[in-house]
Amino acid sequence: MKQVLKKLTIAYYLIYVAAIAVAAAGYLFFRSGLVIDPKSQAGIVISSVLIFLIICSIPLTLAIFNRKTKQWAELEDTFEKLRKYTKASIIRLVIIGTDFLLGILFFFLLNSQNMIILAGIAAIALLFCKPAKVKMMAELKINETKE
């Protein structure tokens, strides 16, 4: 259980480290003049795709993970529960983390306030993905003695 929690916590915080790196890179792009006009055809397409991606991927990811977790909670083997939970948690973090990072990057590239709002939405969704022992045990219906 501790190994799983450690692995998920590292993955979770790596997203925030990557966000700092993406923000720094985006700032450098912005300072160097590498900006896409948000009212151009490319800017509108990028904005639309990112809006669609975030609006669809976050609820779908959270809903599918919740449904699968309920199925895994019924399994007898604790090791199998944790293995499946770990894999799905990392996939969930990657999907929502990618939305977050893209929102930050395109905030700088498009110089558009809408993109930072989208990044904020993804950041809030990431808060729901923060790994915690109590949450994991409750979701998987694991007793303290089975650890």
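Okay, here's what the table says:
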quantity	calculated
Looking only at the stretch 73-122, and only at residues there that are outside any helix (DSSP H, G or I) and polar (S, T, N, Q), the one that is surrounded by the most Cβ atoms within 10 Å (Cβ to Cβ)	S112
The stretch 84-116 - residue that is small (G, A, S) and over 15 Å from F65 (Cβ atoms) and, of those, modelled with the highest pLDDT	G103
Test: V17 is exposed (fewer than 11 other Cβ atoms within 10 Å of the Cβ) and farther than 22 Å from K135 by Cβ	yes
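The values are calculated or read from the model by the stated rules, or taken from the named source; none is laboratory data. This is a predicted model, so every value here is computed, not measured. With ideal geometry, Cβ positions are generated from the backbone for all residues, glycine too; neighbour counts draw on all protein chains shown.
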